[in-house]
1. Out of region 16-38, which residues are in contact (Cβ under 8 Å) with a residue 24 or more places away in the chain and outside any loop (DSSP other than H, G, I, E, B)?
2. Given the criterion in contact with a Gly (Cβ under 9 Å, 6 or more places away or on another chain) and not basic (K, R), identify the matching residue among S90, S31, S51, S97.
3. Which one of these does K357 not meet: (1) surrounded by fewer than 23 Cβ atoms within 10 Å (Cβ to Cβ); (2) assigned to a helix (DSSP H, G or I); (3) touching a residue at least 12 places away in the same chain (Cβ under 8 Å); (4) not aromatic (F, W, Y)?
4. Is it the case that some residue within region 88-101 is at pLDDT 90 or above and basic (K, R)?
5. All but one of (1) part of a strand (DSSP E or B); (2) surrounded by 23 or more Cβ atoms within 10 Å (Cβ to Cβ); (3) among the hydrophobic types (A, V, I, L, M, F, W, C) hold for L203; state the number of the condition that does not hold.
6. Tally up the residues in region 371-404 that are of a type in the set (D, E, K, R), in a helix (DSSP H, G or I) and farther than 14 Å from V213 by Cβ, please.
Amino acid sequence: MMSLKRGLDGYLHVLLLIAGFTSVVLMPSVSFSVPSYLLIFLGLPFFFLYSIRKGNFLHKELIAIAAIFLLINVLAQLYVYYSHLQLPVSLNFTDDSEGQKSLLRRSMFTQSLYLFAGFLIYLYVKHMGTRKHIHTFYWSLRILVAYGFLEILIFQITGTNGDFLSNRQFAHTSGSLFQVMQVGGWVTQRLKSLTGEPSMFALTVVPFWILAVGLKRRIDFVLFGIALVLSFSTSVWLGMGVLAIAFVAHEKRMQRYLLWMVPMGLMVIVVAYYTSTGFHQFLNDTLIHKLTGGNTSGQERSLFFKNQVAFWWNDLGFIGKLTGIGFGYVRSTDFFSTLLVNNGIIGVVLFTWFFFKHSFVRLKGNKDERYYYRTALIATYLIMMVSVPEFAYLSIWILLAYPDAVRREYL
């Protein structure tokens, strides 16, 4: 049994070391062949066996999660079947190759695989992880950031895409987005590293960037912060805003300076916006136009949100509003309307409860660690609900398992 435990401990270290990389796959045409996803499922029999023999709760919790997930989706499918629901073309389907098919869409099963990859790594880290495993994941993020810097350096030298490793494909499109940003006279590639998109890089790194404050990881905080700024993602500004508010609320000595720091800061931003062409364009591209619908991205976000909320409100009956139509059916540019249509009010409430219940797990470390862990939870939840509808990025699930993993050293 001890040899199995040591083997699983090492296996988890390897898994966490590559958990941040999602745009490199073993088979480009098979988007699920991300090495970390494959390791998660290949290790399941061994983690399951150890849990049963050791009396661990991993296998019991997995069965409970699977049962609840199956139940809410059976209820959703029963509603779709008995209500003879017709799905409008205005919905943004996850997989539009099946047209307006309403019952048992293929995407319900494919998306469930990604979800359970997240659930499984959550359970592995929660029940068998330690602070050393979290340290290993920080190395994964450091490699991710270092490759992102290399990506930008190559672009500055060659003027071409600096990402030479990503090979993931979705249907007939690349799973790695190449975008550039102009700041004044400087043109640079938006940093995304091996996550596929700048917003996905933000979702992956922001939680552990915030947590780095509580863990006193100053070098990580600085390096991750620079990389996040270079992603030029709106999600980064949201995460920074949450951290700034939390920092001021927590650091009492900062509150006395607020009366002059906030007005001065706003004044500098306003003056720069109207006097600097470069800053004016930068702020418009990364924030204002996305919020107001002034560019294609902002218009698309607004349209998807309105269409899906309107469908939930107008086309679904009372039961349908509670159950949704089935996990993985639609995908918006925000997780709130995505989850609302797919799994209804029940899904939104269950996800919110599951997400924030981890803030009540008692951490025996320093108070800053507890405080900034909760801040990271809030920032991640807001980023998902507002701008990044992704549940398959493993850093989310590692963050949720974090308190149980690090408190194990005190047991």
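1. Initial filter on region 16-38 (in contact (Cβ under 8 Å) with a residue 24 or more places away in the chain): 16-25, 28-29, 31-32, 34, 36-37.
The answer is L16, L17, S36, Y37.
2. When all the criteria are applied, what remains is S31.
3. If we test K357 against (1) surrounded by fewer than 23 Cβ atoms within 10 Å (Cβ to Cβ); (2) assigned to a helix (DSSP H, G or I); (3) touching a residue at least 12 places away in the same chain (Cβ under 8 Å); (4) not aromatic (F, W, Y), just (3) comes out false.
4. Step one: of region 88-101, the residues at pLDDT 90 or above are none.
Checked region 88-101: no residue is at pLDDT 90 or above and basic (K, R).
5. Every listed condition holds for L203 apart from (1).
6. Here is the first cut: in region 371-404, the residues of a type in the set (D, E, K, R) are 374, 390, 404.
Right, trim to in a helix (DSSP H, G or I) and you get 374, 404.
From what's left, farther than 14 Å from V213 by Cβ: 404.
Residues flagged as of a type in the set (D, E, K, R), in a helix (DSSP H, G or I) and farther than 14 Å from V213 by Cβ within region 371-404 amount to 1.
To keep it simple, each residue is scored yes or no on (1) acidic (D, E); (2) touching a helix residue (DSSP H, G or I) at 6+ places or on another chain (Cβ under 6 Å); (3) over 30 Å from F305 (Cα atoms); (4) exposed (fewer than 12 other Cβ atoms within 10 Å of the Cβ).
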residue	(1), (2), (3), (4)
M27	no, no, yes, yes
F48	no, yes, yes, no
H59	no, yes, yes, no
A64	no, no, yes, yes
A76	no, yes, no, no
H84	no, no, no, yes
S102	no, yes, no, no
S107	no, no, no, no
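Okay, residues lined up against (1) over 24 Å from L12 (Cβ atoms); (2) surrounded by 16 or more Cβ atoms within 10 Å (Cβ to Cβ):
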{"site": "A146", "(1), (2)": "no, no"}
{"site": "F164", "(1), (2)": "yes, no"}
{"site": "S176", "(1), (2)": "yes, yes"}
{"site": "K192", "(1), (2)": "yes, yes"}
{"site": "E197", "(1), (2)": "yes, yes"}
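The values are calculated or read from the model by the stated rules, or taken from the named source; none is laboratory data. Quantities reported herein were computed from a predicted structural model and do not represent experimental measurements. Virtual Cβ from ideal backbone geometry, glycine too; neighbours counted across all protein chains shown.
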